[in-house]
Structure formats: C-alpha cells, structure tokens
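The values are calculated or read from the model by the stated rules, or taken from the named source; none is laboratory data. All values reported here derive from a predicted model rather than from experimental measurement. Positions of Cβ are generated from backbone atoms using ideal geometry, with glycine treated the same way; all protein chains shown enter the neighbour counts. Quick note on the areas: whole protein, heavy atoms, side chains included, nothing else; ligands and nucleic acids left out. Shrake-Rupley method; radii C 1.70, N 1.55, O 1.52, S 1.80 Å.
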Amino acid sequence: MASASGSYCGVCEAQDVVKAAAFWCPECNEGICTSCEKHHRASRGTRKHEVTSMDDYKQIPPIIASINQYCPEHDKKYQLYCSQHEQLCCPLCITTNHKKCDLLAIDEIVKTSRNSALFEIMEQNLKEMKNNIDRIVEDRRQNLEIIKQQRQGFQTDIKEMRAKINIHLDKLEQEIQQDLQAAEQKVMSQINRFVQKVSDHEKTIDELQNNIAATKRFATDLQTFFGGKMFEAKIQEEEKFMTSLIEDSGLQQIHLQCKLDNKMSDILSMTKIGEISVTTKPSTISMTTDREKQAQKRIPTISKTINDINLTILKTIEISERKREIGITGCTIMPSGKMVFVDQSNDRLVIHNDKGLFDCEIPVSHFPLDVTCIDENTVAVTHNAEPYHIEIINIVNKKIVNQIKTSNQCYGITNENERLIYYEVGSGIQIADVKSESTATTVVKVDGKHYWNYVTTSKGKIYHKKSESGTVTCYTVTGHTVWEYKDESILKSVYGVAVDNDSNVYVVSRGHNSIVVLSPDGKHARRLLTNENGIQHPFGIYFDKGRNILMVTNLCGPASLYEVK
C-alpha cells in the first residue's frame, strides 16, 4: 500500500494532497480517489488494470492482500510462474534462480484460477471438515449423555443393592432377636420352675421348725420322744433333697450366648462396595475428507458389465431367535460395516457387528418394515401400523430421536443427502427432509393400494420395484421415468432392490427363487444366484458400496454376504 492504512489516494499523496481512496489498484499497489480513477482508467499504461472498490478490497484477507504483483528483490512485475519451485518470477528472477526451470506465463495460468476445481475441492473439503466437526461434537455430546445415563444407572444399582442389604439385615436381625427372646423365655421358665420347687421345700422346712418348737414347749415327754424320731426322718428327706440339687446340676449358672456369623465381620472389613473404572471402545465415526473423495474420483476404473459380475459367498449370518418366529423385512449396512436388521415379527431392530456377530437388539414401535442409515449412529425405520410414521432412532443410546408422520402404510425407504425417499401406500414415492417436519413431497405418484414396494437410490437416480407386476423402474430424482424393465420369465414377485458402484441393479425374484442383475440402462438382465447356488427363499437385497459387498436376506433368516467380483 502507498500509505500505512491504504485509505488515501496514492497519486494525490505524491502531490502532497490528502484525499480518501475510493478504489484500489492491485497492480499499482495503491489506493485511488474518484478523480484519479477516471485518469487511471483512461491512461494507456493503466487502462487494463483491474481496479476494485475499497469496500471490496477490505474484504480480502490480509494474507491475500499482502501478495504483491512486483518482485521485492528486483522491483519488476511478476510475469512467469515456476511450477518446480512454486514461485512467481520476474524477468530477472529467471536469469538468476530459474534458468533450467519449466516456466508458465502468469497471464495464462491465472485466467481460470477463480473458477478452478482447486477452489471447489478446497471448499468441499472445508465443508466436509465442518461436517466432520459437527459429527464429532454430536458424537461427544452423545457420549457425555451415555456417561450420564451410565452414572445414573450405576447410582440406582448401588442404592438398590444398599436397600436390599438393609432389608436383608433387618430380616436377619429380627430373626436373631426372636431367637434371643425365645432362648431367654426358655431358661427363665426353667429357673422359675426350679425356684418354685425350692420354695415349696422352704415352706416344709418352716413348718418343721414351727412344729419342733411347739413340741418342745407344749408336748409331753412321750410325745416329744416319739415326735423327735418323726421330725428326724422328715429332716433327712429334706437333706436328701438339698443334696440332690447339687448332684443333678440344678444350681449350675445358665448363660445366653450370641455368636455372630463370620460373614458379618467380612462385611465390616470391606473397604469399598465396588470399583469404578473407565473403558474405551473404538470410535464409531469414520471420516473421509472431500479431498480424498476427489482423489478417488481421479483414479480411472473400468466398469463391470452384468456379464462380468460374479458373486462369492463370504459368510452366513444367523439372526437370534425370539419367542415368535423372526421375520426379516429390512436391513441397512452402516458406514462402519454394522448390519441393522428389521425383525417385523418381534417389533425390534437386530444389530450385528462388521464381522457378522450379534451386538444388541432395540425394541421399536409395532410392525416395523424397512430401515435405512442416516449416519453412523442413526437410522430411519418405516412402520405399517397406526399411527403411521417413520421413526428416527439412535442405535447407540437406543432412543427415538424423531418421528415423521405419514398418511398411510410405508414400505421401502432409503436416504440420500439427508433426504428420506420412501414408498407410501396410496401415494407413491415420497421425499422428506430428515431434519425437517414439513410435509413430504410426492416424487412419483402411484395410484391404488400396492404393497411390498421397495426403493433405493444411486447417483441421482431412484430405483423402484413393484412386487405385483414384477417390474423395476428407474426414475430421475424429479420423478421422470428413465427406463422400466419387465420380463416374467426372469422377474416374478420382485422384492428387494439394490445398486452397485457401476449402476448395475440387483433385485430379488422370489417367484423364481433367484437373484437377478439388470444393466444400468435397464435393457438386459442376468440371473446371478438360483437354487443351484444354494439360494433359498431370498427376500431383501442390500449393497455395501464401500466394501463392494452384497447382502441377501431371508424372511425367516439367515442372511448371506457375497463379495462382488
């Protein structure tokens, strides 16, 4: 800039005149006032300079605005670009440091810089990074919520255990108090009977004492003589009684004893009820930058035709049984490889990990039918029972995030760019925003009540199959028909539909007990799996484009994974 702030006209400043700049010329690297701009635009040497308003110039980031069009070393205008050193060069730079370099004319390479793919890739990359950050923040928020729920759950468990222990100890205390009281009553009765027995003899002795005294005082000598013999015999009997008290242990001390169970001491020696630890599990977030996607797009690939496709069985997945026979009517494969199955018969989602092993199950509203992945933690589930709706479910905390009301029964559902595309009976193919509660839009109108219709999407196309007519139709996202395939000799009672990376369309022909692949233009078809390949009663079909894996489900289980080669 010609001035410290760039707010004044450089031409006027050279003439010792202070005048506010209204424009900025990057080639002159100075501000220009309104009057000087007219001369600047008319002068032969400057008429081709791209002048911008000061307001627009001030919007340019300082680091970009500081890029000068003149070489600071030679004070010459940059004319060439060295791709080897990634440097701008003036004519003198070429003779000093870039004699053997491949140089490009700046005028040619900057023409398309504003609209180059680089900026689009960078913008998409930044957008993707922001999305990743949003997902990370949401994931951490959900993790905090899970931790809070776990803490509350553990606190409840501890309180419940404490309450159970208190109740149990109260019961044991009551029992031992009853035992103690019973023991006391028993020995009290025993001692009281003994005391009563001794007291009775005490009365006899008192009577003898009185009789002896009276005899000595008032009886005749003869009476006294014979009476003494009688008294002596009585006294001997009492002496025997007194002796018997000692011999039969009647005078032993009786004591109560209370011996506490050693386990009670164990409780008192406990220093803690339990231990709290922190464990970690692998992240559920998979991040791919748009730059990586662009790089992947630049790698040339050779598309497969339906005649080149072969399926190799990888594994069979057994779905856990319940009291009622399972009915798998839908499935989706998450970015991490997790598989989420809809068990319509038992009103639940069954989740298996990427290795096909059972993870957990989640109860859902009555009569679920199909499911689609929204993001790594969230799925959308259609339902066929009133009140008709689509449930948005977080499979991590197993909670319903949202509900989207529908007018009728819904069957197949898929997700593309946070737009749910699903089939609704009596209406046809609908589109609804995942995050919006606005009314769904009808893309393809289908009159009449048709059931078991599934849909999927790929590369801006919607693929729809009709079970009754055995047709598969490809539409644009605006609902215009691209092609339709129908041939009862190969397609009959069609159910699941999926699309691979090369836009080949896979469908389940239950009428022929086979898996059929259609060409991207819908003109050709070929059977891939039949009874001879061990396929039995297929129902749904799903494609994991990230891993090039095809899943085929059976209504009553199991499911099979095939590698597409």
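List of remarks:
- Residues within region 72-90 that are open to solvent by less than 50 Å² (accessible area, probe 1.4 Å) and charged (D, E, K, R), tallied: 0
- Selection within region 224-277: residues that are touching a Leu at 6+ places or on another chain (Cβ under 8 Å) and charged (D, E, K, R). The member of this set that is farthest from residue 175 (Cα to Cα) is 234.
- Within region 14-32, if we keep just the residues that are open to solvent by less than 60 Å² (accessible area, probe 1.4 Å) and charged (D, E, K, R), the residue that is modelled with the highest pLDDT turns out to be 30.
- Residue match in region 192-199 (condition: in a helix (DSSP H, G or I), open to solvent by 100 Å² or more (accessible area, probe 1.4 Å) and aliphatic (A, V, I, L, M)): no
- Sole exception among (1) modelled with pLDDT of 85 or more; (2) out of contact with any Lys or Arg (no Cβ under 9 Å at 6 or more places or on another chain) for residue 116, by number: (1)
- If the condition is being of a type in the set (Ser, Thr, Tyr), farther than 20 Å from residue 320 by Cα and not in a strand (DSSP E or B), then region 350-388 contributes only 388.
Residues are listed down the side, and each one gets a yes or a no for (1) in contact with a strand residue (DSSP E or B) (Cβ under 8 Å, 6 or more places away or on another chain); (2) modelled with pLDDT of 90 or more:
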| site | (1), (2) |
| --- | --- |
| 442 | yes, no |
| 446 | yes, no |
| 449 | no, no |
| 454 | yes, yes |
| 464 | yes, yes |
| 467 | yes, no |
| 472 | yes, yes |
| 475 | yes, yes |
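- Only one entry of 523, 492, 466, 486 meets the criterion of being within 17 Å of residue 555 (Cβ to Cβ) and basic (Lys, Arg), and that entry is 492.
- For the condition farther than 30 Å from residue 242 by Cα and polar (S, T, N, Q), residue 185 does not qualify.
- The combined condition, being in contact (Cβ under 8 Å) with a residue 12 or more places away in the chain and either touching a Lys or Arg at 6+ places or on another chain (Cβ under 7 Å) or crowded, with 17+ Cβ neighbours inside 10 Å (or both), is not fulfilled by residue 313.
Let's see how each residue does on (1) surrounded by 11 or more Cβ atoms within 10 Å (Cβ to Cβ); (2) modelled with pLDDT of 90 or more:
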| residue | (1), (2) |
| --- | --- |
| 2 | yes, no |
| 5 | no, no |
| 34 | yes, yes |
| 53 | yes, yes |
| 92 | yes, yes |
| 98 | yes, no |
| 109 | yes, no |
| 112 | no, no |
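- Residue count, region 254-299 (criterion: surrounded by 10 or more Cβ atoms within 10 Å (Cβ to Cβ), polar (S, T, N, Q) and either modelled with pLDDT of 80 or more or not in a helix (DSSP H, G or I) (or both)): 5
- Qualifying residues in region 322-356 (those that are out of contact with any strand residue (DSSP E or B) (no Cβ under 8 Å at 6 or more places or on another chain) and touching a residue at least 40 places away in the same chain (Cβ under 8 Å)) - the one most open to solvent (accessible area, probe 1.4 Å): 325
- Residue within region 414-427 that is aliphatic (A, V, I, L, M), closer than 27 Å to residue 149 by Cα and buried (at least 16 other Cβ atoms within 10 Å of the Cβ) present: no
- Highlighted here are the strands (runs of 3 or more DSSP E) found entirely within region 458-565 that include at least 1 residues which are open to solvent by 20 Å² or more (accessible area, probe 1.4 Å): 461-466, 471-476, 481-486, 494-499, 525-529, 538-544, 549-554, 559-564.
- Residue match in region 478-487 (condition: under 34 Å from the mean Cα position of the chain (by Cα) and modelled with pLDDT under 95): yes
- Summed over region 404-429, residues that are modelled with pLDDT of 90 or more and under 29 Å from residue 143 (Cα atoms) total 6.
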